[in-house]
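The values are calculated or read from the model by the stated rules, or taken from the named source; none is laboratory data. Keep in mind that what you see is a predicted model, and the values were worked out from it rather than measured. Every residue, glycine among them, receives a Cβ derived from its backbone with ideal geometry; neighbour counts consider all protein chains shown.
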Amino acid sequence: MTKRATLADVAKLAGLSTTTVSMVLNNRPNTRLSEQAAERVRAAAAALDYRPNPAARGLRTGTTRTIGFISDEVTVTRYASAIISGLLEEAEAHDHSLLITESGRPGQLEKLVSLMLDRRTDGIVFGLMRARQLELPPLTDVNTILVNATSTAGHPCVLPDEYRAGYQAVKYLTERGHRRIGFIGRSADLLEPASSATVAERYAGMDAALAEEGIELVHQVDGKYWEPGLGYSGAEEIFTAGPVTAMIAANDRVAFGIYQSAQERGLKVPDDLSVISFDDEYLASYLRPQLTTMQIPYREMGRTAMQLLLSRQAPPLTLVPMPVQERGSVRPLN
């Protein structure tokens, strides 16, 4: 194995002191070195393929330039894994590495936190696929932020702006002339923070927009398991309750069930029924017609969380807008 070049090796080849070499390679300002000397250092480092020793640098500076990420299902879920992409992009832009772990079993969270502390990470990000409130072990000595989650201890968190998304979903329909609207997926159980940290805000935004427009839902179907079966049975119930021109689905899988019900009744989306949803899973772009939906901005949430963590100036709550992904499932009536 080839011996790894040291700072002393670079200094010897450049004909300068190790202190001078360290200042150049660490880009320290006001070194009063000539550009010629700095270039000799850089050339020597390149010739020797010199790479800084992270462990030694960590002992010297008190930092490891490593951030820990603890998730539940983010690493194994395609659309939520964009959180990791956002975290990595921002970490790399600031010369930091990301140590990724997955918590999926009872009692594992405490072990993973201990692992991060043992590795002396400069901060820890907790991320969830489904936003809810976490009970975290004590974290007084490490910079911490949560993405798509909240904590009982009130750690800084980054969440999607669900209130605005719910409001905009209703407005998207009413601005296109829809007044007879049904909704599938309201659940009192999801108002509890341990079940969802954001759904209550989504409902509140929808209700505010409906009140502002002076209309009520034609019919609403309750259900906390947001799967195609709820969308199908819910749509059947709404069709029976009375004529509608549009339905709001709690998520894209519920919308899939609505599509199935409409098709069996000989109805076409959007000619006979407009549908709007939330999340923007991959499913949304594979439906025909493609589904208009309010996107959970996982990548941007990851980027924002890392920016705030590294700045050490995170406010208690940061909301990231949920943009509407306009596709072909909503037809204007006006």
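The range 120-225 holds strands (runs of 3 or more DSSP E) entirely within its bounds, and those carrying 2 or more residues that are under 24 Å from the mean Cα position of the chain (by Cα), crowded, with 18+ Cβ neighbours inside 10 Å and of a type outside the set (Lys, Arg) map to 123-127, 143-147, 157-160. Report yes if some residue within the range 252-267 is assigned to a loop (DSSP other than H, G, I, E, B) and in contact with a strand residue (DSSP E or B) (Cβ under 8 Å, 6 or more places away or on another chain); otherwise report no. Within the range 252-267 (the criterion being assigned to a loop (DSSP other than H, G, I, E, B) and in contact with a strand residue (DSSP E or B) (Cβ under 8 Å, 6 or more places away or on another chain)), the answer is no, since none of the residues qualifies. Selection of the range 263-272 for residues being free of Cβ contacts under 8 Å to residues at least 60 places away in the same chain and either surrounded by 22 or more Cβ atoms within 10 Å (Cβ to Cβ) or of a type in the set (S, T, N, Q) (or both) yields only Gln263. Exactly one residue among Ala250, Ala305 is assigned by TED's automatic domain parsing to the domain that holds Leu128, under 30 Å from Val125 (Cα atoms) and either modelled with pLDDT under 95 or surrounded by 18 or more Cβ atoms within 10 Å (Cβ to Cβ) (or both), and that residue is Ala305.
A search for C-beta distances below 8 Å between a residue of the range 287-298 that is part of a strand (DSSP E or B) and any residue that is of a type in the set (Phe, Trp, Tyr), counting only pairs 6+ apart in sequence or on different chains, returns Thr292/Tyr172; Thr293/Phe278; Met294/Phe278.
Every listed requirement among (1) under 30 Å from Gln307 (Cα atoms); (2) buried (at least 17 other Cβ atoms within 10 Å of the Cβ); (3) among the hydroxyl-bearing types (Ser, Thr, Tyr); (4) at pLDDT below 85 is met by Thr31 save one, (2).
Of the numbered criteria (1) assigned by TED's automatic domain parsing to the domain that holds Asp271; (2) touching a Ser or Thr at 6+ places or on another chain (Cβ under 8 Å); (3) in contact (Cβ under 8 Å) with a residue 40 or more places away in the chain, the one Ala131 fails is (1). Does Val275 satisfy being buried (at least 20 other Cβ atoms within 10 Å of the Cβ), touching a strand residue (DSSP E or B) at 6+ places or on another chain (Cβ under 7 Å), of a type outside the set (S, T, N, Q) and not in a loop (DSSP other than H, G, I, E, B)? It is true that Val275 is buried (at least 20 other Cβ atoms within 10 Å of the Cβ), touching a strand residue (DSSP E or B) at 6+ places or on another chain (Cβ under 7 Å), of a type outside the set (S, T, N, Q) and not in a loop (DSSP other than H, G, I, E, B).
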